[in-house]
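The values are calculated or read from the model by the stated rules, or taken from the named source; none is laboratory data. What you are looking at is a predicted structure, and each value in this text was computed from that prediction instead of being measured. Note: ideal-geometry Cβ built from the backbone for every residue, glycine included; neighbour counts use all protein chains shown. Remember, those area values only see protein heavy atoms, side chains included, never the ligands or the DNA or RNA. Shrake-Rupley method; radii C 1.70, N 1.55, O 1.52, S 1.80 Å.
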Amino acid sequence: MYLHNRKFIAKTMQIALFLLKSIDLTIAFIGAVLLNNNTADNKKVLIGTVLSFMENPFHYELSDSVNIAENSAILVVGSKISKIGSPDELIANNPDAEVHDFHEKLLLPGFIDAHAHYPQTPIIASWGKRLIDWLNTYTFPEEQKYGNIEYAAKIAEIYLDFLISNGTTSVSTFCTTHPESADAIFLAAQKRNMCLVAGKNAMDRNAPEALLDTPQIAYDQSKNLIQRWHLNGRLRYAITPRFSPTSSPEQLSMLGELWTEYPDCLMQTHLSEQIDELEWVQSLFPSARDYLDTYEQSGLLGKNAVFGHAIHLKKREVDRLKDIGAGVVHCPTSNTFIGSGLFDMEHLQKQKITIGLATDTGGGSSFSMLRSMASCYEIAQLRKNTLHPAQLLWLATMGSAKSLHLDQEIGNLKPGYHADIIALDLHSTSIIAQRVRSVDNIWGAIFPTLMMGDDRAITATFVAGNLVYSNEAQNVLSS
Ligand code: GUN
Ligand code: ZN
């Protein structure tokens, strides 16, 4: 009884703290909006070299898929892109616009990280383990801290700031089993007006007791979070069974039922990451035809499903993903860091499967999508498949947006799209700058930054039309 009361009091205090924190964050959010003064008719003209996509460069010629316009400009009105055109014309027609002149810097859609684990921020780059040992040694102990809303909010804030300074304007992230962990990241994203996908992990076996829920609790808590956050502004909910080994068939089925109630939610999970894991899945689900079938049997395969890793796929799995139109996400720095294997980009692109790109932090060893593009290039090279820089940029923007079904809103620079825009410096270090001196075309100038760039290459990040990060003294003019 005493213990029970103590637990009750502790829980009540946590909820009170959470409410206080929410009020605090709401005030901060309103403050940020007022500070940015980004009203619906607030105008900005961003000048630079503008890169936009017309088609997927994996399936179309370069000249038909990518447009690069030097000395061009983007007119942003409120939170959206209104027009792309010549700087002189846009400035002349919008004398009230704030002008940001990025000169020869590349203006790109903000990067979209299609699979990450924000609670693993504090344990990124942990040494010496492969997937299952890595989860048990580093990940599960850290994740146990996220029932504490204060701690979760602290890491959520740090994490989103890391993303923004790395040019990432949207992410689809796993949380922990605790609903507090989902509340924390949604609040932090709402404060920044970011487009963010997240979901509470469902796990009812093969993890420490403190991280387990049950089929019913996972259903109830996920439903509650959907009602609070899904389609709340720029936020989206993803039903998130962590992976088959940590969910019973009953739990997967209950989440499948929940998905039929909310079919426009995403469903994110892991698929076929490491060989040892595949063997474990086979022993836990003896009647399943393959790894994908453990989800399919429970109603968790649909067009809004997105599967991280997808490295060791069987033919039936590829065919099913293709038939259903589900997406997969390549997590290259994680796949090399944890030693998982070489994603087969060429084959999956040929099958026209939607592919996004991701850091998978903290299994991945960097928050930077530039680093993910470099690793993606290197893995493809090991498979004798040479990727063009346009293809790498596509994966980090439109590819990820498509895998998350957000490609009508983000991932490109087009009128009507959200003004999630970054200015990329193609001379950000002396090593990159000396390499660029001897190139003879724009792709030659872009490639060294994709291979060797990091957060120093991100000159500025705009989210929904607001300048949220800058690493240089701004050259802002009011015309
Ligand atoms: N499989 C299940 N959980 C995880 C995780 O947190 N990271 C990675 N890379 N794979 C997983
Ligand atoms: Zn993952």
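Just the number please: accessible area per residue for segment 276-322, 1.4 Å probe, all protein chains included, in Å².
Working: 1960 Å² over 47 residues.
So segment 276-322 comes to 42 Å² accessible per residue, rounded to a whole number.
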Net +/- balance of residues flanking D276 in space, Cβ distance below 14 Å, scoring K and R +1, D and E -1: -2
Shape call, segment 152-222: gyration tensor on alpha carbons, a/c limit 1.5: prolate
For segment 41-53, Karplus couplings with θ = phi - 60° (6.51, -1.76, 1.60), whole Hz, Gly/Pro x: 9, 5, 10, 9, 10, 9, 10, x, 9, 9, 10, 9, 9
Amide hydrogen neighbours beyond the local backbone of G199, cut-off 5 Å, H modeled: T173, C175, A238
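So what is the 222 nm mean residue ellipticity for the chain from helices alone, if each DSSP H run of at least 4 adds -39500 (n - 2.57) and you divide by all residues, rounding to the nearest 500 deg cm²/dmol? Please list the in-between numbers first.
Numbers: 19 runs with 193 residues, N = 479.
After summing the helix terms and dividing by residue count, I get -12000 deg cm²/dmol.
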Between segment 413-443 and segment 66-94, the alpha-carbon center distance in angstrom: 17
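For N71 and D323, what does the FRET efficiency come to when R0 = 56 Å and r is the distance between their Cβ atoms, rounded to the nearest 0.05?
On the way: r = 46 Å, r/R0 = 0.82.
E(calc), rounded to 0.05, equals 0.75.
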Cα gyration tensor shape of the chain, rounded if a/c is under 1.5, else prolate or oblate by comparing a/b with b/c: oblate
Net +/- balance of residues flanking T359 in space, Cβ distance below 9 Å, scoring K and R +1, D and E -1: -1
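Given +1 on the Cβ of Lys and Arg, -1 on the Cβ of Asp and Glu, and no further charges, what dipole in debye does the chain carry about its Cα centre, rounded to the nearest 20?
Values: 39 positive and 51 negative charges, 84 e Å.
In debye, rounded to 20, the chain gives about 400.
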Partners for K223 among lysines (Cα-Cα distance below 22 Å; same-chain residues under 8 apart left out): K11, K200, K303
Under 15 Å, Cβ to Cβ, from R320 - net charge with Lys/Arg +1 and Asp/Glu -1: +1
Under 13 Å from the D133 label point (7 Å along Cα→beta-carbon), backbone N, segment 303-341: 338-339
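Rank by packing, highest mean first: peptides 107-117, 261-271, 364-374, with packing defined as the count of other Cβ atoms within 10 Å averaged across residues. Spell out each step's value before the answer.
Values: 107-117: 28.9, 261-271: 20.8, 364-374: 25.2.
Packing order, densest peptide first, comes out as 107-117, 364-374, 261-271.
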Separation in nanometres of the label points that stand 7 Å from Cα toward Cβ, at Q282 and K303: 3.4
Approximate spin-label separation H388-I275, in nm, with each point projected 7 Å along Cα-to-Cβ: 3.5
³J(HN,Hα), Karplus 6.51/-1.76/1.60, whole Hz, each residue of segment 429-435, x for Gly, Pro: 10, 5, 5, 5, 4, 5, 5
Mean Cα-pair separation over length for segment 320-479, i.e. relative contact order, pairs under 8 Å, 6 or more apart, %: 20
Chain lengthening between E209 and E150 when straightened (0.36 nm per residue, less Cα-Cα): 19.1 nm
Placed amide H near K105: partners under 5 Å, 5+ positions off or other chain: T49
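Relative contact order for segment 29-171 using alpha-carbon pairs under 8 Å, separation at least 6, rounded to a whole percent? Present the calculation step by step, with values, prior to reporting the outcome.
On the way: 187 pairs, mean separation 32.6, N = 143.
This gives 23 percent for segment 29-171.
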Within straight-line cross-link reach of K83, lysines at Cα separation under 28 Å, skipping those fewer than 8 residues along the same chain: K43, K44, K105, K191, K402, K414
³J(HN,Hα) computed for each position of segment 150-158 - Karplus, 6.51 cos²θ - 1.76 cosθ + 1.60, integer Hz, glycine/proline x: 5, 5, 4, 5, 4, 5, 4, 5, 4
For segment 149-225 and segment 243-258, distance of Cα centres in Å: 19
Amide hydrogen neighbours beyond the local backbone of L271, cut-off 5 Å, H modeled: G308, A310
Segment 131-222: relative contact order as a whole-number percent, Cα under 8 Å and 6+ apart: 28
